[in-house]
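Novice: I have a structure here, written as structure tokens, and I will follow up with some questions on it.
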Amino acid sequence: MSSDGECESIRKSFNIDKAIYIQKEIISKKINFNGKKLNDLNGKIIAAVDASYWGYKEGKGIGIAVSFGYPEFNIIDCFATLSHVCIPYIPGLLAFREMYLLTPSLLNLIKRSKPDLIFVDGHGYAHPRFAGIASHIGVVFNIPTIGIAKKRLVGNEVKRNDNYELIYKDKIVGKILLINNKRIYISIGSNISLEDSFNIAKSMIYNNSIKPIYMADKISKIARKLYSDSIIKETKIIDCKKELIEKINLV
């Protein structure tokens, strides 16, 4: 990845039309709405990802990928990518910016941990072009992926029986989990059904969040605090299990 000077040219050359085409014609059309059933997660490896930004125009960032054993939630592996962020923030195209940070961390994590399921801090199918960050990750890495978001991006909330669904362009794009009157928006990334996504997320409620997302977010914030004053000359991939975990109380 790039130095700040090289990043500037990448920012200027980022093609919005091509990015939209990728979402509409590639990512959204390759989403697998079923995938293998994940009824029993005991003994499985669960991963979660999160990204944080800082600096001028939030031009620096860190992307966290962490894996856990289930149901104990013991940390198996953790990788963090510290880098200048070359892709600008554009509404609806945040996935490209986040993938820039998350991909190196995920590549290392998947190689070492081989997770069965990935939780993503962000939307998946519940996106203007049905291709949020969770769907990018699910399609690219071909692993069951669930999007978890705190804010609604598209659609209308419709109550059906005891549940709330998110409807967009006549499609059910997500479900809403109510936790102490707070809404958590669940959508598929890929390779899993919406029903399984909702039930799995519901089984992992923790501190008004979903536990894998809560833990990845906490690690991301600690990492940002530790490294935000660093001079970034080139991309650095950090083994955060070694460098960060002893500094973090995840209880």
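Since every read-out is calculated from the coordinates, none of them should be taken as a lab result. Since the model is a prediction, treat every value here as computed from it, not as a measurement. For neighbour counting, all protein chains shown are included, and Cβ atoms are generated from backbone atoms with ideal geometry for every residue, glycine included.
Novice: Let a ≥ b ≥ c be the square roots of the eigenvalues of the Cα gyration tensor of the chain; is it rounded (a/c under 1.5), or, if not, prolate (a/b larger than b/c) or oblate? Provide the component values of the computation, followed by the final result.
Specialist: Values: a/c = 1.73, a/b = 1.20, b/c = 1.44.
Note, shape of the chain comes out oblate.
Novice: Rounded, prolate or oblate: which fits segment 1-147 when a ≥ b ≥ c are the square roots of the eigenvalues of the alpha-carbon gyration tensor, with rounded for a/c under 1.5 and prolate only if a/b beats b/c?
Specialist: Working: a/c = 2.53, a/b = 1.37, b/c = 1.84.
In terms of gyration-tensor shape, oblate.
Novice: Follow-up question, since we're still on this one. Sequence neighbours fewer than 8 away in the same chain don't count; with that in mind, list the lysines whose C-alpha is under 16 Å from Lys12.
Specialist: Reachable lysines: Lys57.
Novice: Quick check: net charge around Ser228, other residues with Cβ under 14 Å of its Cβ, Lys/Arg +1 and Asp/Glu -1? Write out the running numbers ahead of the final one.
Specialist: Details: positive: Lys60, Lys221, Arg224, Lys225, Lys236; negative: Glu58, Asp229.
Spelling it out: positives minus negatives among the neighbours equals +3.
Novice: Which of rounded, prolate, oblate describes segment 69-215, given a ≥ b ≥ c as roots of the alpha-carbon gyration tensor eigenvalues and a/c under 1.5 marking rounded, otherwise prolate only if a/b is larger than b/c? Mind showing how you got there, number by number?
Specialist: Working: a/c = 1.84, a/b = 1.26, b/c = 1.45.
Cα axes put segment 69-215 in the oblate bin.
Novice: From the phi angles alone, apply the Karplus equation (6.51, -1.76, 1.60; θ = phi - 60°) to segment 77-86 and give each ³J(HN,Hα) in whole Hz, x where the residue is Gly or Pro.
Specialist: Result, ordered by residue: 9, 8, 10, 10, 9, 9, 7, 5, 10, 7 Hz.
Novice: For Glu234, Glu157, what ranking results if the residue with the fewest other Cβ atoms within 10 Å of its Cβ goes first? Can you show the working numbers first?
Specialist: Numbers: Glu234 11, Glu157 14.
So the ranking, lowest neighbour count to highest, is Glu234, Glu157.
Novice: Here is a further query. Which trypsin sites (Lys or Arg not before Pro) in segment 26-94 sit in a loop by DSSP (not H, G, I, E or B) and have at most 16 other Cβ atoms within 10 Å of their own Cβ? Don't jump to the answer; show the numbers that get you there.
Specialist: Values: sites: Lys29, Lys30, Lys36, Lys37, Lys44, Lys57, Lys60; in loops: Lys29, Lys30, Lys36, Lys37, Lys44.
Listed in order of number, the matching sites are Lys29, Lys30, Lys36, Lys37, Lys44.
Novice: Applying the Karplus parametrisation 6.51 cos²θ - 1.76 cosθ + 1.60 with θ = phi - 60° to the phi angles of segment 212-223, what ³J(HN,Hα) value in whole Hz is obtained for each residue in order, glycine and proline being reported as x?
Specialist: x, 5, 4, 5, 5, 5, 5, 4, 4, 5, 5, 4
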